[in-house]
Structure formats: structure tokens, C-alpha cells
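> Would you mind keeping the following structure in view while I ask a few things?
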Amino acid sequence: MSCISLNIRGVGQSGKIKWLKKICIEENPIILGLQETKCAQSPDSLIESFWYNSNFQFVQKDAIGASGGLLLIWDPTTFSFEQALEGEFFIAIKGTWAGYNSDIVIVNVYGPHSHQKKIKFWAELTNLINYINVPHIIFGDFNEVRSKSERLNCNFKQTWADNFNNFINNSNLIDLPLGERSSPVSVLIK
């Protein structure tokens, strides 16, 4: 199972399509989640320009102006799509993985920057997890860290980290280590 999550910071910027295509060809992901696409209406032709084959399905959350935007792409021969779900800070798909005898929810997030919105974000994800009681894979840019050691050259707020850790612990999620801890992308599973 290969899932890739990237904060692309503008999919249309010079060289990004070529770079993304190289990653997709080398890795052949089943699921690709992009955060900060900074575009509205990602047409099939744009996805075809970087996806590794012509067989794909996708859901998206349009950018608002020049910020945000989420895109979740998958290989329909491996992941059988049943339902799309959307919140203010995420898009999700529910379906079945080939060879796995249970439903699963894949969630692509781009977390807010303000403290009040972060509290709403944790509640929104908690409601999703409780609403659909199946395994979840939650990945993306949470715009939050769990400890001061993960925050380099930026302001660290212990209260915000505590809220993130409480969300993870109370939801019985596991934070998968990604090796390079300076990465803005995190993966949580339940």
C-alpha cells in the first residue's frame, strides 16, 4: 500500500507538474493527497499530466482565492470508492481496499493557522472518526506539531501542541514516524 501526501504549495507553479509526475511514476501510489493546491477546479487533464496512468478517480476541495485547496486521487483498481465527505479543513473518501475485508476512510487535511479554528478542526475530525467507526488514515498538513523539537525557527505554543496531542490520544490515533521530522506532513491511523 503506497500513499503519498504532499503540501504542494501551488500545483501550477513552474516545475511542479514535472516533479510530481516523476514522484508518481517512481512510487505508483494508490492514494495521493495534495494540500495547498492553490487552484479551483483541478480538471482531469491537470491530473493526467502528473498521475502515472490514465486510470484514476479524485475528489477535491477548491482553494479560496490563492490559498488552500485539497486534492485526493486514487487508483480505482485498488481502492473501491463508496462515499466522499468534506469538512472545512478536510476531504475524505470511504471505500474498500482490494484484499481488505472492511471499509476504510482516507482523510486529507490542511489545518488552519488560528487557535480558535484549530479547536474547531480537532472537533471536526473527532466527529468524522466517531461518525464512521471504521479504520481511518488521516494525513496532510495539520499546521501543528506535537512538541517543541518539531518546530524549527518558528513560534511554538505549548497549549496548541497539547490540544493536538489530546486530539490524537482521545481519538486512539497512532502518529506514524516519517523519519524526517521537519516535514510539515503527518500521518495518523486508527
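> On a straight-distance basis, which lysines could pair with Lys22 in a cross-link, Cα separation under 29 angstrom, same-chain partners fewer than 8 positions away excluded?
Within the straight-line limit of under 29 Å, Lys22 reaches these lysines: Lys38, Lys61, Lys94.
> Something else: State log₁₀ I(q)/I(0) for the chain at q = 0.11, 0.14, 0.20 Å⁻¹ as given by the Debye formula over alpha-carbon point scatterers of equal weight, solvent excluded.
-0.47, -0.78, -1.56
> Considering the chain as a Gaussian network with a 10 Å cut-off on Cα pairs, which listed residue, Thr96, Thr78, Thr159, attains the greatest mean-square fluctuation?
Among Thr96, Thr78, Thr159, the largest mean-square fluctuation in the Gaussian network model of the chain belongs to Thr159.
> Take every Cα pair under 8 Å in segment 3-189 that's 6+ residues apart, average their separations, divide by the length, and report that relative contact order as a whole percent.
16 percent
> Of all beta bridges DSSP finds with both residues in the chain, what is the antiparallel percent, to the nearest 5?
Among the beta bridges of the chain, antiparallel pairing accounts for roughly 75 percent.
> Here is a further query. So which chymotrypsin sites (Phe, Trp or Tyr not before Pro) in segment 58-130 are both in a DSSP loop and have at most 16 other Cβ atoms within 10 Å of their Cβ?
In loop regions of segment 58-130 (DSSP not H, G, I, E or B), the sparsely surrounded chymotrypsin sites (Phe, Trp or Tyr not before Pro) are Tyr100.
> Take the chain, connect every pair of alpha-carbon atoms lying under 10 Å apart with a spring to form a Gaussian network, then pick out the residue of Val105, Val134, Val59 with the largest mean-square fluctuation.
Comparing Val105, Val134, Val59 in a Gaussian network model of the chain, the most mobile one is Val134.
> Please get the size of the charge dipole for segment 3-189, origin at its Cα centre, with Cβ charges of +1 on Lys and Arg and -1 on Asp and Glu, quoted in debye to the nearest 20.
Result for segment 3-189 is approximately 600 debye, rounded to the nearest 20.
> Quick one: what are the phi-derived ³J(HN,Hα) couplings along segment 109-124, Karplus 6.51/-1.76/1.60 with θ = phi - 60°, whole Hz, x for glycine and proline?
For segment 109-124, the Karplus curve yields 10, 9, x, x, 9, 7, 4, 4, 5, 5, 4, 5, 4, 4, 5, 4 Hz.
Every number in this text was worked out from the coordinates using simple rules, so none of it is lab data. Note that the structure is predicted; figures quoted are calculated from it, not measured. All Cβ positions, even for glycine, are placed from backbone atoms using ideal geometry, and neighbour counts span all protein chains on display.
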